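J.: Next up is a structure, given as structure tokens.
The values are calculated or read from the model by the stated rules, or taken from the named source; none is laboratory data. Everything numeric here is computed off the predicted structure, so don't read it as measured data. With ideal geometry, Cβ positions are generated from the backbone for all residues, glycine too; neighbour counts draw on all protein chains shown. For the accessible areas, the whole protein counts, side chains as well, though only heavy atoms, and no ligand, DNA or RNA atoms are used. Shrake-Rupley method; radii C 1.70, N 1.55, O 1.52, S 1.80 Å.
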Amino acid sequence: MSRVDDGIAIKLLWELLLCIVIAGLVAIGCGYGVCRFGNYYVEKTFDNQEFNRSFQGKYMTDLQEYVKREKINASDISKLEDWAAENSYVYFSVYLNNKVIYNSDYVYTDDVYVEDEELSVQSELINSDYFYELELYDGTITSVDMFCYDYIEYGNYVIAISVAVGIVIFLVVFTRFIGRKVAYIHQLESELRILEAGDLEYPISVKGKDELGSLARGIDQMRLSVMENILKEQKALQANKNLVTAMSHDLRTPLTTLTGYLELLNMEDDIEEDKFKHYLELSLDKTREIKELSDELFEYFLVYGEDQRKIDVTEVPVIELVADLIENRFLSLEEEGYVIEADNTLGDDTGNCVVNPQYMKRVLNNILSNLEKYADKDYPIRVSTRVDEMLQIKVTNAISTSRQPHESTKIGLITCERIMKLHGGKFLYAEEEGKFSVTIMIPMAEK
């Protein structure tokens, strides 16, 4: 059981890991989609000239105040680097006489502007209508080309939102999976408590084809098996009860008769010898009948006590078993006046069957005993044998109508049926139109 539990735990762990991977991929995909859409929306909304103009005026006012405060002239224009560093979302260039004297994307050393090789010196300003005037500390008027990309800050918000969306989706997918599993486990626990209370009619819910579903299916099959076993036990107990009741009736009849004969013998002091022997013979007959019934009952409960245990079996050649049955055991019936017709076409190479000799002897003796009691001597007893997956021995006879009628409990046949079941074979009997047939099916040994 512990191995089964470990196997289920390992499989559930793999399912959990797979769920984490799937939830992670879904979360990443959704987060990436939100990020792409957010960046597209931000750029489309804010990355344009009109939006820039709304912010440029504010930055130019601040830049002008900075120039006045720091007393910046054309000779020390590189001091604007500090302001550019504080306003990281602003790009601007300062022009004097149509030449760039400062660019926020370039480096200044010892107050000298180091011009990049790719920087082009323009003879005239392009789109000068969008330029702003910047008055230096000494009164020099310069032109400023400014571009604001504050919307980049919104991109950071987009990333944060995307990450948050991804985390939420991951948690939703993951908890949904875990929630369903946990809810199903709680449901199984509740149903097991119902079964534990004794209500085996309550079905176990089987959901899905995963490990929990297989476990629930196994529990439900176990429930059905327990119910089936209980039903079989109840039927067996009822059958035993009926059998004991019938046997009590069968025993009571000869016991009553025997008691009557003995009382007659006891009451008569001077009884004739012939009459005495007659009553004594009748008493002995009833004693034998009682012994026969008690032996059958003992044999039944002896076999019933095996309780489905496997009995010890040995391999016996089929030809020997059939020969012993037909040539030896039925020989006694021929001596009593019965006619035996045998149909035995089995060869020496038929193989072996598996039997318990002691129990098989009981089956054959029971069949012979029934033939002696009920078979009609005017009709032959037919014995046929054949092999078809199992060795089949069939005995058919006509039921005598001249015998004294006797209500049989069929305890001998029930005992034979149970013995053959313990062998893994079958015992079939049928009675119709004045004929009675018995079929013994014995398992064959593997070749």
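J.: Taking θ as phi - 60°, what are the ³J(HN,Hα) couplings along the stretch 232-237 by the Karplus curve (6.51, -1.76, 1.60), each to the nearest whole Hz, with x for Gly and Pro?
T.: 5, 4, 5, 5, 5, 5
J.: Which FRET efficiency value, to the nearest 0.05, is calculated for K44 and K207 with the Förster distance at 45 angstrom and r the Cβ-Cβ distance?
T.: Efficiency for this residue pair is about 0.40.
J.: Could you order M444, M420 by accessible surface area, starting with the largest, using a probe radius of 1.4 Å?
T.: M444, M420
J.: Here is a follow-up. Can you give me the distance in nm between label points at R53 and E153, each placed 7 Å from the Cα along the Cα-to-Cβ direction?
T.: Label-label distance for R53 and E153, simple model: 2.2 nm.
J.: Could I ask something else about it? Let's test the formula: R0 of 51 Å, r as the Cβ-Cβ distance of A164 and E233. What FRET efficiency results, to the nearest 0.05?
T.: It comes to 0.20.
J.: Summarise the accessible area of the stretch 344-433 (1.4 Å probe, protein heavy atoms) by the percent that is carbon and sulfur.
T.: Result for the stretch 344-433: 43 percent of the exposed heavy-atom area is carbon or sulfur.
J.: So the label point goes 7 Å from the Cα of V26 along Cα→C-beta, right? Which residues of the stretch 181-201 then have their backbone N under 17 Å from it?
T.: 181-183
J.: Here is the link list: K232/K421; K44/K68; K410/K435; K79/K99; K286/K435; K291/K421. Which ones come out longer than 25 Å on Cα distance?
T.: Check vs 25 Å cut-off fails for K44/K68; K286/K435; K291/K421.
J.: Now, a different point. Please list, ordered by chain and number, the residues whose modelled amide H lies under 5 Å from the amide H of L134; skip anything fewer than 5 residues away on the same chain.
T.: Those lying under 5 Å, H to H, from L134 are T142, S143, V144.
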